[in-house]
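A.B. asks: Structure below; questions to follow.
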Amino acid sequence: RFVRELVALKRAAGPAPLLWAPRVALPGRLALLHALGIDLLDTTEGLLRAAEGYWVWAEGQPDLSAPGGAPTEELSRRLLHVEEEYAREEERVRRFLKGGRLRELVEARLPFEPALGEVLRYAEGEGYPFLEEHAPVVGSGIHPYGTKEAQYRPEMERFRRRFLSRYRAPPGKELLLLVPCSKTKPYSRSPSHRRILRTLSEGGRLPAIHVVSLTSPLGAVPQELERVFPAAHYDIPVTGNWDGEERIWVLNALRHLVGGHAYQGIFVHLPREEMDWV
C-alpha cells in the first residue's frame, strides 16, 4: 500500500512540488526513500529510537549496546550520534546520486532491514512504470550489478521488455550465431569475440551472419546493440551457473529472435554447460 499510495501521490502532484514524508526515515532507509521520489525526510524516528535507549546506524539494526561494548552513553550522546548518522548517510546519498549510482547504495542497505527489500520488490512490480520513467537511458563507464536485486533494476527490465516488444533482426542476416558474453564491454572488444569476428570476416560471410551474445541479466544482446545502455555498461559475477529466471530471460529472447526472422541456419558456440539448456 505504501508504494501504491506513493506512486499515486507523485503522479497527481507532478515533478515540481517537493514531497515530505515525516517519521518514516532511519539513516539506512534514506537511499531507498529518496530513490522512490521522496524529497524531504526528517530525523524524528531515529531520535525517538535514541530516546528509547537505542543506538541507530545506517549499516545495521538499532541496538541497545554502546559502540565498542562501552557502557551505555547518556541520552545526549545517543541523540548526537543519530544526528551524525543521518548527516553522513545523506551525504552518501548525494554523492551516489550525483554519480548516477543511487541504486547501488539502495542495494547495499537492503541486508540491514528486510522490510526495505519488500518495499523495493513492490516498487519494481506495481510501481515499475513509475520507476522506469526515472531510470537512466544513457550511461558511461562500467557499473557493478553484483546482487540479485540488481538484475531487476529498471534499466535492465526496460531492455528485456523492449527487446521482446520492439527488436527485429536486421534484413540480410541469413545465419544466427549464438556466443557467450564477455567481461569486456562492448563484447566485440574482448579477445574471444575478436577471434570469432576475425575468422568470420576472413571467410567472407560476416555480413550475412547475425552474432548474438547470451547474457544475464539482459537475456540476449545482438552485436548491433552491444554499445547501447545498459549492454555496454554492466559488470556481473560470472560463475557459469544459471538460475531458473536467468534461463527464462535467455530463452524468451531466443524464441522472439528466431520466431521473428527466417534464419537459414543457427550455429551455437557456447560452453558445454549452456549447451545443455539453450
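The values are calculated or read from the model by the stated rules, or taken from the named source; none is laboratory data. The shown structure was predicted, so the numbers you read here are calculated from the model rather than taken from an experiment. Cβ sites come from the backbone with ideal geometry, for glycine too, and all protein chains shown count toward neighbours.
A.B. asks: Tell me, which residue of segment 34-55 that is in a helix (DSSP H, G or I) and either modelled with pLDDT under 95 or in contact with a helix residue (DSSP H, G or I) (Cβ under 9 Å, 6 or more places away or on another chain) (or both) is surrounded by the fewest Cβ atoms within 10 Å (Cβ to Cβ)? Quick ask: steps written out before the conclusion?
C.D. replies: So in segment 34-55, the residues in a helix (DSSP H, G or I) come out as 34-35, 44-51.
Then drop every residue that is not either modelled with pLDDT under 95 or in contact with a helix residue (DSSP H, G or I) (Cβ under 9 Å, 6 or more places away or on another chain) (or both), which leaves 34-35, 45-47, 49-51.
Details: H34: 21, A35: 19, E45: 19, G46: 27, L47: 17, R49: 16, A50: 23, A51: 12.
Selected residue: A51.
A.B. asks: Return the pair list, or none, for Cβ contacts closer than 6 Å from residues in segment 227-248 that are in contact (Cβ under 8 Å) with a residue 12 or more places away in the chain to residues that are of a type in the set (D, E), at least 6 apart or on different chains.
C.D. replies: Once the first residue is in contact (Cβ under 8 Å) with a residue 12 or more places away in the chain and sits in segment 227-248, its partners that are of a type in the set (D, E) give P230/E155; G240/E273.
A.B. asks: Would you pick out the residues in segment 149-184 that are free of Cβ contacts under 8 Å to residues at least 12 places away in the same chain and either of a type in the set (G, A, S) or surrounded by 12 or more Cβ atoms within 10 Å (Cβ to Cβ) (or both)? If you could, list the steps in order and put the result at the bottom.
C.D. replies: Our first condition is that a residue be free of Cβ contacts under 8 Å to residues at least 12 places away in the same chain; within segment 149-184, this holds for 161-162, 165-166, 171, 184.
Within segment 149-184, R161, S165, T184 qualify.
A.B. asks: Considering each of R29, R11 in turn, give the residue that is in the same structural domain as L120 (by TED's automatic domain parsing) and modelled with pLDDT under 90. Even if it seems obvious, please write down each step before you answer.
C.D. replies: Working: R29 fails: modelled with pLDDT under 90.
Answer to the check: R11.
A.B. asks: Among the residues that make up segment 241-262, is at least one of them within 30 Å of E104 (Cα to Cα) and small (G, A, S)? Even if it seems obvious, please write down each step before you answer.
C.D. replies: Going through segment 241-262, the residues within 30 Å of E104 (Cα to Cα) turn out to be 241-254.
With the extra rule that they be small (G, A, S), the set shrinks to 244, 253.
Taking every residue of segment 241-262 in turn, at least one turns out to be within 30 Å of E104 (Cα to Cα) and small (G, A, S).
A.B. asks: Could you list, in sequence order, all residues of segment 197-224 that are assigned to a helix (DSSP H, G or I), surrounded by fewer than 19 Cβ atoms within 10 Å (Cβ to Cβ) and not hydroxyl-bearing (S, T, Y)?
C.D. replies: L197, R198, L200, E202, L206, P207, A208, E224
A.B. asks: Then there is this: Could you check segment 226-238 and list, in sequence order, the residues that are crowded, with 19+ Cβ neighbours inside 10 Å and out of contact with any Pro (no Cβ under 9 Å at 6 or more places or on another chain)?
C.D. replies: Taking segment 226-238 first, the residues crowded, with 19+ Cβ neighbours inside 10 Å are 226, 230-231, 233-234.
Hit for segment 226-238 is H233, nothing else.
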